[in-house]
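One structure is given below, encoded as structure tokens.
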Amino acid sequence: MFQRILVPLDGSALSELAVPYAEALAGPLKSAMILLMVVPTPAGRSGGIFRAASAYLGSEELPRSEGDMEISRHPVYKESEMASLEAVAKSKLLPVAERLRAKGIEAEVAVAFGRAANGILQYARDSKVDLIVMGTHGEGGPEPFSYGATADRVARRSPAPVMLIRPEEVTRALPTPETKS
């Protein structure tokens, strides 16, 4: 039934909470697990009109010369930056994949670019995954139906079933269901 299980990871411990759940399904079902990291698309260096706003940008790297502005417009610059970001993302995913392979589970790593929810959804559609297992950051707080923006978007728009793994801290804070006597 679930031949391809997608596990989106963002490098946080909270996202990795989903791995054991996906592993528990993948082992007996002989499913492949795809570990996906979505990386923001690099914009290159900002130029011209942003110079006045540089006091508010903090971490943005502004061009130092006319040559830098030309480099930032050049497609090779963006492609090399994307290749570098992809290599960093894969270096974070490979240890998890190796642990899974050591347990006899087929594991792949993949990197997508863009916003997190859109990248996950696009990859799920393109790769025809059968299940998405993802951790939530619990950004919605202790509300019973709050999961965080990314998890909520993925759960609502996914072409495949979604299993959301909530952090233990949020689960403990949830109200307990009333039992009928």
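The values are calculated or read from the model by the stated rules, or taken from the named source; none is laboratory data. Since this is a predicted model, take the numbers as computed values, not measurements. Counting neighbours? That spans all protein chains shown, and the Cβs are built from the backbone with ideal geometry, glycine included. Keep in mind that these areas ignore ligands, DNA and RNA; they rest on the heavy atoms of the full protein, side chains included. Shrake-Rupley method; radii C 1.70, N 1.55, O 1.52, S 1.80 Å.
Express in whole angstrom the spacing between the alpha-carbon centres of segment 1-34 and segment 89-133.
After rounding, the separation between the Cα centres reads 8 Å.
Give, as a single signed number, the net charge of other residues whose beta carbon lies under 13 Å from the beta carbon of residue 107, with Lys and Arg counted +1 and Asp and Glu -1.
Summing Lys and Arg as +1 and Asp and Glu as -1 gives +2.
If packing is taken as the average count of other Cβ atoms within 10 Å, what order do 10-23, 117-130 fall into, highest mean first?
117-130, 10-23
Taking amide H positions as placed 1.01 Å from N in the peptide plane, with prolines and chain starts having none, which residues 5 or more places from residue 131, or on another chain, fall under 5 Å of its amide H?
4, 6
I need the peptides 153-166, 88-101 ranked by packing, meaning the mean over residues of other C-beta atoms within 10 angstrom, with the highest value on top.
153-166, 88-101
Tell me, what ³J(HN,Hα) does each residue in segment 90-98 have, in order and in whole Hz, if you take phi through Karplus 6.51 cos²θ - 1.76 cosθ + 1.60 with θ = phi - 60° and put x for Gly and Pro?
With the stated coefficients, segment 90-98 comes to 5, 5, 7, 7, 4, x, 5, 4, 5 Hz.
How many Å² of accessible area per residue for segment 90-139, probe 1.4 Å?
On a per-residue basis, 51 Å².
Simple spin-label model, 7 Å along Cα-to-Cβ: residue 83 to residue 16 in nm?
Placing both labels 7 Å along Cα→Cβ, they lie 2.9 nm apart.
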